[in-house]
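Notes to accompany the following structure.
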Amino acid sequence: MQYTQKVLDHFMKPHNVGKMEEPDAYATEGSPACGDQVTVYLKVNKDTQIIDDISFLSYGCASNIATASIITDLAKGKTLDEAKQITWRDAMEALDGLPPVKVHCSVLAADTLQSAISNYEIANGLKEVPEFSKQTILDELKKIIYPKVGEDIITLKMVKYVGFSNGEVLIDLNIMSFDEWRENIAEEIREHLQKYPDVKDIQINFP
């Protein structure tokens, strides 16, 4: 697998790595069971809303470590509003690209940063706890990357239907039985949605 020099640099000597003592907020996304997990810690200046310090812990591959390293670099010194604009594509570009099968690592890093910011804002009365809805599901599906091409399954029109009622999520996917990534996609969808207390059951259907 071909990595850029920037990916290798951040993997070999990651920036901002380590558990932060008494953070103002933190978030953990992913799962060691699925191969990747990231925790992001924040120290925020309450007067200026600037991220004064940020660090991470990572469990996973070289891309996982490198993307967590670069995402913390991108966020450090930014205001919360500025940091909320940082996307997984920004992380990819800052690393001069990733192999398609590793794009999901940049999504995980960016997602964890956004979750940490959200947790800070909720804890400090800057936002309400968001209500879970069909839009929440769609937002999570936009974070699921199809490894073969490195693009999300919503953009690729692989999602035919999304429903949510009484705690039950129903998703119809347009992924054929011969597709080697089908089960990986389904497992990642479950991983993204199971963290929500409102979700009691997840049903994923294929053609």
Does D36 count as surrounded by 17 or more Cβ atoms within 10 Å (Cβ to Cβ), touching a residue at least 40 places away in the same chain (Cβ under 8 Å), touching a Leu at 6+ places or on another chain (Cβ under 6 Å) and over 17 Å from L108 (Cβ atoms)? no
Restricting attention to the stretch 6-48, the residues that are hydroxyl-bearing (S, T, Y) and not in a strand (DSSP E or B) number exactly 1
Considering each of E188, E183, E121 in turn, give the residue that is among the acidic types (D, E) and crowded, with 19+ Cβ neighbours inside 10 Å. E188
For a quick check of your reading: which strands (runs of 3 or more DSSP E) sit entirely within the stretch 105-207 and have at least 3 residues that are assigned by TED's automatic domain parsing to the domain that holds I50, closer than 26 Å to N64 by Cβ and touching a residue at least 24 places away in the same chain (Cβ under 8 Å)? none
Test: residue in the stretch 83-91 that is part of a helix (DSSP H, G or I), surrounded by 19 or more Cβ atoms within 10 Å (Cβ to Cβ), modelled with pLDDT of 95 or more and not small (G, A, S): yes
Which residue pairs have Cβ atoms under 9 Å apart, sit 6 or more places apart or on different chains, and have a first residue in the stretch 58-70 that is at positive phi and a second that is surrounded by fewer than 24 Cβ atoms within 10 Å (Cβ to Cβ) and part of a helix (DSSP H, G or I)? G60/P32
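The values are calculated or read from the model by the stated rules, or taken from the named source; none is laboratory data. Everything quoted here is computed from the prediction, not taken from an experiment. Counting neighbours? That spans all protein chains shown, and the Cβs are built from the backbone with ideal geometry, glycine included.
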